[in-house]
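This report refers to the structure that appears directly beneath it.
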Amino acid sequence: MHKALLLILLCFTFSSGYGTERELNIVFIPKSSDQDFWLFMRNGVDKAIDEIGNISLTWRGPRYNDDTDAQIRILETYTRPEVDVIIIAATDQARLVAPVKKAAEAGIAIVAVDSALLGNYQQNSIMTDNYTAGILAARHLSGLLQAQGNVVVFRTVAASASTDQRAEGFLDYIKENVPNIKIIADEYGGGSRGKSMHSAITLLDRGLKIDAIFAVNESSSYGMLRALRNKNLAGKYPFVGFDSTKFLLQALKDGEINALVIQDAARMGYLSIKAAVAAARGTPLKESNIFIDAIMLTRENMNNPDIQALLVP
């Protein structure tokens, strides 16, 4: 009787899927906590956890995406035996390599999300195809300018792989395809909305002959729009931004922004958990790098039901 009962229990255990595996301890380290982008990401994370079960999640990141020192400290804090996987959106693709290496050597699986990491210590990288997203922005903005004019590229922080790739895609497209568009400023505004706004005001005060603007992420788009409003210039220049917040969407409706490049952050978060579980259980996803296409949002398509789901967390 005892042997029969044991056999029944073993059969039940192996046939029940994720729910009967031991609980996994996953730590998710975002770039910041001051941007709506991470709310979208968290929605996807929570959806995957609900589907899989048996996951203990710790979500902890720095306040702003230029505080790499804080992100390193968080990573080091969770480099400990009871952690199975660390999912990280690196604020600095180079400075995070050493602490990520230390975590990997301690037996913790690493998944990079949103932004690339140098080195090869991560099992998977899941992110927007950022270089192509920059090209998408350049095509749209050059069309608005009828292929000529002076453009400002407004970045966030140096060494952030995702946003620098967007800027490089934008710049390469302009250089190769639109010779009559001139990049008159290519600058980093800072890692928070406030820093971006003050940097943008300083840039506008230089008296440059600006015909159009491209901002590479949520905080830089927010900061630039605030600065343009401060100078009574909102809506005066073609302006392509990045990411979605209620503030930016209203500016799009009002004509102060011409277009926003939108990411599927929820899908990134969802896939990052799937990749984390697979890596922890010794069956990593076949694709080491998973890229997700961005979408160009305009006033003309913003009410499309398929796009609406990407706009509000």
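Details
- 3J(HN,Hα) couplings calculated from phi for the range 40-55 with the Karplus curve 6.51 cos²θ - 1.76 cosθ + 1.60 (θ = phi - 60°) are, in sequence order, 4, 4, 5, 4, x, 4, 5, 4, 5, 5, 4, 5, 8, x, 6, 10 Hz; Gly and Pro show x.
- Relative to the longest principal axis of the Cα atoms of the chain, the long axis of helix 2-15 makes an angle of roughly 10 degrees.
- Length added when fully stretched, K253-A158, from 0.36 nm per residue minus Cα-Cα: 31.1 nm
- What the Cβ-Cβ distance of D186 and A70 gives, at R0 = 30 Å and to the nearest 0.05, is a FRET efficiency of 0.65.
- Of the trypsin sites (Lys or Arg not before Pro) found in the range 236-313, those that fall in a DSSP loop while having at most 15 other beta-carbon atoms within 10 Å are K236, R281, K286, R299.
- 10 Å beta-carbon shell around W59, net charge (K/R +1, D/E -1): +1
- Option label - mean projected area of the Cα convex hull in nm² computed here, alternatives (1) 14.8; (2) 17.7; (3) 19.1: (2)
- Bins of 5 Å, starting at 0 and running to the largest distance - Cα pair percent for the range 130-262: 2, 12, 24, 27, 22, 11, 2, 0
- Estimated purely from DSSP H runs of n ≥ 4, each contributing -39500 (n - 2.57), the mean residue ellipticity at 222 nm for the chain is -13500 deg cm²/dmol once divided by its residues.
- Between I201 and D306, the modelled labels are 4.2 nm apart [label points 7 Å from Cα along Cα→Cβ].
- Ranked by the mean number of other Cβ atoms within 10 Å per residue, highest first, peptides 96-109, 154-167 order as 154-167, 96-109.
A short reminder: the numbers here are calculations on the coordinates, not readings from a lab. Treat the numbers as computed from the prediction; the structure is a model and nothing was measured. Cβ sites come from the backbone with ideal geometry, for glycine too, and all protein chains shown count toward neighbours.
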